[in-house]
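Below you'll find the structure, written out as structure tokens, and then a few comments.
The values are calculated or read from the model by the stated rules, or taken from the named source; none is laboratory data. Being a predicted model, the structure only gives us computed values, none of them experimental. Here the Cβ positions follow ideal geometry from the backbone for every residue, glycine too, while neighbour counts run over all protein chains shown.
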Amino acid sequence: MTTIRLDGLAPLPPRITRLGELALDLWWTWNPNARNVFRRLDYTLWRTTDHNPVRMLRLLPATRLTDAARDPVFLDLYDRALTELDPTRRASGSWWSERMPALPGRSVAYFSAEFALHQSLPIYAGGLGVLAGDICKEGGDLGLPLLGVGFMYPQGYFHQRVAADGRQQETYERLTWADVPVTPAITPGGRPCVVTVPLGRRTVKVSVWRVRLGRTKLYLLDTGLDENAPWDRELSARLYGGDTETRVQQEIILGVGGVRALRAMGSDPMVWHLNEGHAAFVVLQRMREMIDRGDSFEAALAEVRRTTVFTTHTPVPAGHDTFPFQLVESHLAGCWGTLAPHRDAFLELGQYDNGAGPQFNMTALALRTAGQVNAVSELHADVTRKMWAPIWPEGSEAERQVRAITNGVHVGTWVAHRLALLFDRYLGPRWRDQRDDAIWDRVLDIPDADLWQVRQELRRYLFDFIRERGRQRWTTGGVDAARVLAAGTLLDPNALTIGFARRFTGYKRPELIFSDPERLSRILDTAKRPVQLVFAGKAHPADDPGKHHLQRVYQRALDSGFGGRVAFVDDYDLHVAHFLVQGCDVWLNNPRKPLEASGTSGMKAALNGVPHLSIGDGWWAEGYAGDNGWLIDGGTHPDDAATDAADAEALYTLLERDVVPAFYDRDNDDLPKRWLTLVRQAIRTVAPRFTARRMVKEYVEQMYAPAIRGTEP
Ligand SMILES: *Cc1c(COP(=O)(O)O)cnc(C)c1O
């Protein structure tokens, strides 16, 4: 058995030697027993480290560990967690092993520029990363031999603070390596994995880190080696931090370096899944390998097509990387090798003119080289087919084959612990294995009083969290009193709470609800039926309009005219997201249709009994069932201003006529019966369908299976 050394960690007592290994396997984040191991170990540290067991083990006095090794309750949790972990890693009896019995030793590679796994590993910005993280977790649960490939960003994504005038402040913090759940990837030859990637005329060294998530392994590329020039060391320092030139270099590292890293680790994946266009240079490196072995360009391209799967995530043009040809050519100069005679043919695979002249487009490259392509909702698939129509000959087979695989969320990660216990009681423990969709009908049997009690508790957890954050900013953050109030410290833990948390950007219309401030004030500030709004989210560092939206929303939170009923929680991340999607009463989403490809935060909320109040865009066009939330529908209009006005009107009307009355309509026991019906329907309709379980199975059956068929003996 391999022993894992944690730097600076006190030696573990013999009875609990695998505690370090458990802390380093992010599988603990969604396994209830494993979570309880660390909660039981030291509840205060668990909270003050924002649930980071690696850091906990570093800070814990040795005596606490020796005590734990003698505590029967702790040992029972510890033993149970490890008894579950080992078979999970082997995937024995898993869905995959039943579905694909004849594929020993082959893997599925999953490339993504970001992965959101846990707040202690800040290598994600938002929805794309959360989706990638949830796929890795679910893939493991289903037993897939999944190898994720991404970046280790030692400075991560930025931390957000908001200045007194509402401007977003961005700071990058160097990671404390000893607190991060990663270890060096070790090759089959027993050496730390380091690969080289040619960039222009030079060569960059890339070291590889490993993250474990039960069955899934994730390899993270890092250019921060001393042997590299200072500017090359910075290439992987930050997520989405650089200019176009940094970006193209990062993408060469991810694609070319990622394939080389997998080879160095002895892997030969049978499926190569590209999550968004960022990793499309995988195709270049793989074609070069095949031509090295004697294949023709055409044969290599055909083989790549057979085995490449591509997921596109956004209809917004800025979400698709384009580069001037000359920039791509100069940075790829050292990458061609035996592909050099076919250089022009390869570059043509990425050529696309989006109106500004032909450029090298990463999405075009992926669309032309992946045999299986999917968009992330039904609506998004239609939009994608139209948007990229010039890529395919009209009416061609390829065009029709943009599949719709609607996103889903990882249930074990997103369901609140308190609610999970309620499900255990009324649905039976089988709900956790998600094998029987009908089990969710039993949500209808949960008594009003029990369900309401849990919903109230979850709202209170949210306000405890918000107040504690406000207190920290006040005592140590150098923040003035007005900003402490704007952070939500005046919110009422019993009032109807509407959450809006997502990236701040124009098409998501964060200010829509403020279109008519007087009408909104009347909705919010009624003595008997108060309503409050909680906002959170970062604006991309280069998105100035997004930052202006944020600033104006923040100024509403500072405005006493809204009676302390509007709040902005800063530094939105996975940790904040958990409190918000579980603790709000309503989840608001009002993008300009059809620009929200799917959206996932509303699924997380609904799963926790927080009904969705949303435009019928993305997943809600499929998810809205009439009685499980509300549809904001202002109709179609010739221009944005008219659409916005009509959608705002529809939103206010829903709030006034439906949402607020349903919440405050109480029976003699002070129970909101009508509301609880919505809560139950939200859970019952979303929990079996909009999950990573359903999504990953669809990936396997619709997209991986055709690639695998050619591989099976
Ligand atoms: C779920 C999630 C997102 C994505 O939310 P959308 O509704 O898809 O915009 C972004 N950031 C974090 C931290 C999340 O948890």
*Where a residue in region 222-233 is at pLDDT 95 or above and in a loop (DSSP other than H, G, I, E, B) and its partner, wherever it lies, is among the acidic types (Asp, Glu) and surrounded by fewer than 18 Cβ atoms within 10 Å (Cβ to Cβ), with Cβ under 9 Å and at least six apart*: Thr223/Glu234; Gly224/Glu234
*asked:* Six or more apart or on different chains, Cβ atoms under 6 Å: show the pairs whose first residue is in region 16-44 and closer than 17 Å to Leu421 by Cα and whose second is surrounded by fewer than 23 Cβ atoms within 10 Å (Cβ to Cβ) and of a type in the set (Phe, Trp, Tyr).
replied: Arg39/Trp46
*Could you give me the residue pairs with C-beta distances under 8 Å whose first residue belongs to region 251-272 and is in a loop (DSSP other than H, G, I, E, B), whose second residue is acidic (Asp, Glu) wherever it lies, and which are 6+ apart or on separate chains?*
none
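Per-residue answers, yes or no, for (1) within 29 Å of the chain's Cα centre (by Cα); (2) modelled with pLDDT under 95; (3) under 30 Å from Pro317 (Cα atoms); (4) of a type in the set (D, E, K, R):
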residue	(1), (2), (3), (4)
Tyr461	yes, no, no, no
Asp464	yes, no, no, yes
Gln472	yes, yes, no, no
Val479	no, yes, no, no
Leu496	yes, no, no, no
Pro517	no, no, no, no
Ile523	no, no, no, no
Pro541	yes, yes, yes, no
*asked:* I'd like to know if region 441-458 contains one or more residues that are touching an Asp or Glu at 6+ places or on another chain (Cβ under 9 Å), at pLDDT 95 or above, under 28 Å from Ala125 (Cβ atoms) and not small (Gly, Ala, Ser).
replied: no
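Okay, residues lined up against (1) within 14 Å of the ligand (Cβ to nearest atom); (2) of a type outside the set (A, V, I, L, M, F, W, C):
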residue	(1), (2)
Gly488	no, yes
Asn494	no, yes
Thr497	no, yes
Tyr507	yes, yes
Ile513	no, no
Asp516	no, yes
Val534	no, no
Ala539	yes, no
*What are the residues in region 125-152 that are of a type outside the set (A, V, I, L, M, F, W, C) and away from the ligand (no atom under 16 Å from the Cβ), if any?*
Gly139, Gly140, Asp141, Gly143, Pro145, Gly148, Gly150
*Please specify each residue of region 659-708 satisfying the condition of being touching a residue at least 40 places away in the same chain (Cβ under 8 Å) and of a type in the set (Gly, Ala, Ser).*
Ala682, Ala687, Ala692, Ala707
*Taking the residues in region 629-671 that are touching a Phe, Trp or Tyr at 6+ places or on another chain (Cβ under 6 Å) and outside any helix (DSSP H, G or I) as candidates, determine which candidate is farthest from Asp516 (Cα to Cα).*
Leu671
_Selected residue [modelled with pLDDT under 95 and either of a type in the set (D, E, K, R) or surrounded by 19 or more Cβ atoms within 10 Å (Cβ to Cβ) (or both)] from Ala237, Ala280, Ala185, Ala178_ = Ala237
*Residues being assigned to a helix (DSSP H, G or I), surrounded by fewer than 20 Cβ atoms within 10 Å (Cβ to Cβ) and either more than 15 Å from the ligand (Cβ to nearest atom) or at positive phi (or both): count how many of those fall in region 556-611.*
4
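Residue check: is His417 surrounded by fewer than 21 Cβ atoms within 10 Å (Cβ to Cβ), within 20 Å of the chain's Cα centre (by Cα) and within 27 Å of Leu26 (Cα to Cα)? I'd like the intermediate steps shown before the answer.
Working: surrounded by fewer than 21 Cβ atoms within 10 Å (Cβ to Cβ): yes; within 20 Å of the chain's Cα centre (by Cα): yes; within 27 Å of Leu26 (Cα to Cα): yes.
So His417 fits the description; yes.
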_Gly618, sole failed condition from (1) within 30 Å of Glu276 (Cα to Cα); (2) buried (at least 21 other Cβ atoms within 10 Å of the Cβ); (3) free of Cβ contacts under 8 Å to residues at least 60 places away in the same chain_ = (3)
_Would you confirm whether or not region 656-672 contains a residue that is within 25 Å of Ala375 (Cα to Cα) and surrounded by fewer than 20 Cβ atoms within 10 Å (Cβ to Cβ)?_
no
*Could you please find all residues in region 612-621 being over 14 Å from Lys508 (Cα atoms) and either hydroxyl-bearing (Ser, Thr, Tyr) or within 11 Å of the ligand (Cβ to nearest atom) (or both)?*
His612, Trp619, Trp620
*Enumerate the pairs (first residue in region 527-545 and on the phi > 0 side of the Ramachandran plot; second residue anywhere and assigned to a loop (DSSP other than H, G, I, E, B)) with beta-carbon separation below 8 Å, excluding pairs fewer than 6 apart on the same chain, so at least 6 apart or on different chains.*
Gly537/Arg502; Gly537/Arg503; Gly537/Phe504; Gly537/Pro510; Gly537/Tyr572
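Would you mention how many residues in region 50-66 are part of a loop (DSSP other than H, G, I, E, B), surrounded by fewer than 20 Cβ atoms within 10 Å (Cβ to Cβ) and within 28 Å of the chain's Cα centre (by Cα)? Full working, then the answer.
Let us first name the residues in region 50-66 that are part of a loop (DSSP other than H, G, I, E, B), namely 50-52, 60-61.
In the following step, the residues that additionally are surrounded by fewer than 20 Cβ atoms within 10 Å (Cβ to Cβ) were identified as 50, 60-61.
Now narrow it down to the ones that are within 28 Å of the chain's Cα centre (by Cα): 50.
Qualifying residue count, region 50-66: 1.
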_Residue ID - surrounded by the most Cβ atoms within 10 Å (Cβ to Cβ), chosen from residues in region 154-175 that are outside any loop (DSSP other than H, G, I, E, B), in contact (Cβ under 8 Å) with a residue 12 or more places away in the chain and not β-branched (Val, Ile, Thr)_ = Gln168
*Only one residue in Arg529, Arg483 is assigned to a loop (DSSP other than H, G, I, E, B), surrounded by 15 or more Cβ atoms within 10 Å (Cβ to Cβ) and away from the ligand (no atom under 16 Å from the Cβ), so which one is that?*
Arg529
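Residue-wise test of (1) closer than 30 Å to Leu607 by Cβ; (2) surrounded by 18 or more Cβ atoms within 10 Å (Cβ to Cβ); (3) within 16 Å of the ligand (Cβ to nearest atom); (4) within 27 Å of the chain's Cα centre (by Cα).
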residue: Gly337; (1), (2), (3), (4): no, no, no, no
residue: His342; (1), (2), (3), (4): no, yes, no, no
residue: Asp353; (1), (2), (3), (4): no, no, no, no
residue: Pro358; (1), (2), (3), (4): no, no, no, no
residue: Asn374; (1), (2), (3), (4): yes, yes, no, yes
residue: Asp382; (1), (2), (3), (4): yes, no, no, yes
residue: Pro393; (1), (2), (3), (4): no, no, no, no
residue: Ile405; (1), (2), (3), (4): yes, yes, yes, yes
residue: Thr413; (1), (2), (3), (4): yes, yes, yes, yes
